[in-house]
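Structure, as structure tokens:
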Amino acid sequence: DSGVTQTPKHLITATGQRVTLRCSPRSGDLSVYWYQQSLDQGLQFLIQYYNGEERAKGNILERFSAQQFPDLHSELNLSSLELGDSALYFCASSPGGGTYTDTQYFGPGTRLTVL
Amino acid sequence: EDQVTQSPEALRLQEGESSSLNCSYTVSGLRGLFWYRQDPGKGPEFLFTLYSAGEEKEKERLKATLTKKESFLHITAPKPEDSATYLCAVPYGGSQGNLIFGKGTKLSVKP
């Protein structure tokens, strides 16, 4: 158990809908990262927050957004869902500001299925 | 463009049959290399971080090594419970820590 929690574990929804994924980092960790894992693309970095502020952005679609709250938990919002958004979504956390020396610890993931 | 390539894509071993997984990378100025283990449907589990060429780290039957262009994960006398996908990752260029992952090596160890 990494100490990172994610809810829900599974989510099934329809195209065009909007969903929110939630992540609680390990106690004391200030950075939260979101990754998407699909069968053909592997793990892809989406976005990073550090202590409430956006720190880095990857290949995140405009339909997706995220935020980190004062208690450091984070939410990833996915809207206008398409079939291709079906994937595993992972949250990771690290102690510091996300420098290259930080080790990222991953949560158990949320499996999103768009029908 | 920064890239991480892992080989082989899949590896089948008999219990006790040692082998190595490869991770090659092309990044401008390596700032560290991470190895993770991932079981089906679960989150990646951190194994090792290597920071400089020549560095080695060990954990049970696993040993990770790093050269200037690649890293190896050596598995000695594997057991069925070592079956998993092994991922390597490097930090993206710049000061941020977001990781670029390889597509992984799926290891199956048969009793």
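Structure values in brief
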{"read-out": "Some residue of region B:4-14 being closer than 20 Å to B:I100 by Cβ, of a type in the set (K, R) and either open to solvent by less than 50 Å² (accessible area, probe 1.4 Å) or in contact (Cβ under 8 Å) with a residue 40 or more places away in the chain (or both)", "value": "no"}
{"read-out": "Residue list for region B:69-85, restricted to those being farther than 30 Å from A:H10 by Cα and in contact with a Gly (Cβ under 9 Å, 6 or more places away or on another chain)", "value": "B:A77, B:P78, B:K79"}
{"read-out": "A:Y35 under 17 Å from A:P108 (Cα atoms) and either in a strand (DSSP E or B) or in contact with an Asp or Glu (Cβ under 9 Å, 6 or more places away or on another chain) (or both)", "value": "yes"}
{"read-out": "Positions within region A:24-36 being more than 9 Å from chain B (Cβ to nearest Cβ) and either open to solvent by less than 50 Å² (accessible area, probe 1.4 Å) or of a type outside the set (S, T, Y) (or both), in sequence order", "value": "A:S24, A:P25, A:R26, A:G28, A:D29, A:L30, A:V32, A:W34, A:Q36"}
{"read-out": "Of the criteria (1) touching a residue at least 40 places away in the same chain (Cβ under 8 Å); (2) out of contact with any Lys or Arg (no Cβ under 7 Å at 6 or more places or on another chain); (3) surrounded by fewer than 19 Cβ atoms within 10 Å (Cβ to Cβ); (4) not in a strand (DSSP E or B), which one A:D40 fails", "value": "(1)"}
{"read-out": "Test: residue in region A:8-20 that is at pLDDT 95 or above, within 11 Å of chain B (Cβ to nearest Cβ) and open to solvent by 30 Å² or more (accessible area, probe 1.4 Å)", "value": "yes"}
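The values are calculated or read from the model by the stated rules, or taken from the named source; none is laboratory data. Note that the coordinates shown come from a computational prediction; the quantities given were computed from them, not determined experimentally. Virtual Cβ from ideal backbone geometry, glycine too; neighbours counted across all protein chains shown. Remember, those area values only see protein heavy atoms, side chains included, never the ligands or the DNA or RNA. Shrake-Rupley method; radii C 1.70, N 1.55, O 1.52, S 1.80 Å.
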